[in-house]
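Structure first, commentary second.
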Amino acid sequence: MSHPHPHPQTEADRQAVVREFELERMILFSDAVFAIAITLMAIDIRWPEIPENKAGIDLYQLLRPTIVEFAIFIISFFFIGRLWAAHLKLFRLLSTYDKGLINLNLVLLFFVVIFPFTASGMLGHFRSWFVLPFFLYFGNIAAVFVIHFLICRYILRVRPDLSIHGHKEEKTYLYIRARLIATGVTIALVVMVLVSVIFPGNTRYLTWSFALFPLMIARTNIKSRKFKPKTTTQ
C-alpha cells in the first residue's frame, strides 16, 4: 500500500517551503535581538557595595544609582516591549520577503541592540553641561519607531505582495498606528531639542520633556482606536 509522499512534489512547492523557512529564520533572529537587548540592560543593573557598618551611611544616596539604573531599565523595557509587540503583529502578516525588507529590518535591529549602550550613557555620564547621552537615548527611542514605520510602509504600501492576502482592516490599523507613533516620538524629540536650546543647562525642564514620549504613545492608542478591527488585540 503506497503512502502519500511527505515532501513537496513540485519545484515551486519546494521553493515555497524553503522561502517559509528563511522567513521564519529572519523572524526568530529578530526576536533573539530583542531578547538580548533587554537581557543586557538587566545585567547592567548592579547592587552597590553595602558597608558592614551602617553608621553614618545615607541609605538613599547609597542605593540611588541602582534605583536610577532600574528606572531606566523599566523605561527601556516598556519601549522595547511595545516595539516588539508591533513588530510581531506586522511580521505575522508576511508571506515572503525581499532584500529591501531584510535591510530595513537589520537597521531596526541595529538601533534595538544599541539600547544598552545609550541607556548606560544616561547612568553615569549625563551632566547639565553634557546632555549628549540624554539625546542619544531618546533619539534611539525615536529611531526604532520611525524605522518600524518605514518597515510597515514598505510591507503594506511599497511591496504589498510580500504580505498575505486579505486582512485589509488590520493592515490599515497597523499602518496608521505605526505612522502616528513615529510622528509622535519625532515631535517629542524635536520638543526636547527646543527645550535644550531655549533653556540651556536646565536639566529639570529637559527631564520633564521626556514625559512627552509615553504621552505621545498613549495619545496614539486613543487616536488609532477608531481604526482597530474587532478581531485585532492590543
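Can you tell me which residue is farthest from PHE213 (Cα to Cα) among those in the stretch 74-106 that are touching a Phe, Trp or Tyr at 6+ places or on another chain (Cβ under 8 Å) and at pLDDT 90 or above? Can you show your working first?
Taking the stretch 74-106 and keeping what is touching a Phe, Trp or Tyr at 6+ places or on another chain (Cβ under 8 Å), we get 76, 79-80, 83-84, 87, 100-101, 104.
Still in the list and also at pLDDT 90 or above: 80, 83-84, 87, 100-101, 104.
Numbers: ILE80: 13, LEU83: 13, TRP84: 17, HIS87: 19, GLY100: 29, LEU101: 27, LEU104: 23 Å.
The extreme case among them is GLY100.
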For the stretch 83-93, state whether one or more residues are surrounded by 14 or more Cβ atoms within 10 Å (Cβ to Cβ), in contact (Cβ under 8 Å) with a residue 40 or more places away in the chain and not in a helix (DSSP H, G or I).
yes
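Can you report the number of residues in the stretch 218-227 which are at pLDDT 80 or above, surrounded by 11 or more Cβ atoms within 10 Å (Cβ to Cβ) and within 21 Å of the chain's Cα centre (by Cα)?
Of the stretch 218-227, the ones at pLDDT 80 or above are 218-220, 222-227.
This time we only want the ones that are surrounded by 11 or more Cβ atoms within 10 Å (Cβ to Cβ), so: 218-220, 223-225, 227.
Then drop every residue that is not within 21 Å of the chain's Cα centre (by Cα), which leaves 218-220, 223-225.
Of the residues in the stretch 218-227, 6 are at pLDDT 80 or above, surrounded by 11 or more Cβ atoms within 10 Å (Cβ to Cβ) and within 21 Å of the chain's Cα centre (by Cα).
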All-but-one check, ARG204 against (1) surrounded by fewer than 20 Cβ atoms within 10 Å (Cβ to Cβ); (2) touching a helix residue (DSSP H, G or I) at 6+ places or on another chain (Cβ under 8 Å), failing number (2)
Across the stretch 40-67, which residue is farthest from PHE115 (Cα to Cα) among those that are surrounded by 11 or more Cβ atoms within 10 Å (Cβ to Cβ) and within 21 Å of the chain's Cα centre (by Cα)?
ILE45
Over the stretch 167-181, the set of residues surrounded by 19 or more Cβ atoms within 10 Å (Cβ to Cβ) and β-branched (Val, Ile, Thr) is ILE181
Residues satisfying the stated conditions in the stretch 1-11, i.e. modelled with pLDDT of 80 or more and surrounded by 12 or more Cβ atoms within 10 Å (Cβ to Cβ):
none
Quick one: which residue in ILE164, ILE155 is buried (at least 20 other Cβ atoms within 10 Å of the Cβ), in contact with a strand residue (DSSP E or B) (Cβ under 9 Å, 6 or more places away or on another chain), in contact (Cβ under 8 Å) with a residue 60 or more places away in the chain and hydrophobic (A, V, I, L, M, F, W, C)?
ILE155
Please determine whether any residue of the stretch 12-31 is modelled with pLDDT of 80 or more, more than 22 Å from LEU108 (Cα to Cα) and loosely packed, with under 10 Cβ neighbours inside 10 Å.
no
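Residue-wise test of (1) at pLDDT 95 or above; (2) among the acidic types (Asp, Glu); (3) within 17 Å of LEU106 (Cβ to Cβ); (4) in a helix (DSSP H, G or I).
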site	(1), (2), (3), (4)
ALA142	no, no, no, yes
VAL146	yes, no, yes, yes
PHE149	yes, no, yes, yes
CYS152	yes, no, yes, yes
ILE155	yes, no, yes, yes
HIS165	no, no, no, no
THR172	no, no, no, yes
VAL185	no, no, no, yes
LEU189	no, no, no, yes
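One residue is enough: does the stretch 63-79 have a residue meeting the conditions part of a loop (DSSP other than H, G, I, E, B) and closer than 20 Å to TYR137 by Cα? So that I can check it myself, show each step before the final result.
Residues of the stretch 63-79 part of a loop (DSSP other than H, G, I, E, B): none.
So far as the stretch 63-79 goes, no, none of its residues is part of a loop (DSSP other than H, G, I, E, B) and closer than 20 Å to TYR137 by Cα.
The values are calculated or read from the model by the stated rules, or taken from the named source; none is laboratory data. Note that the structure is a prediction, hence the values are computed from the model and not measured. FYI the Cβ positions are ideal-geometry reconstructions off the backbone, even for glycines, and counts take in every protein chain you see.
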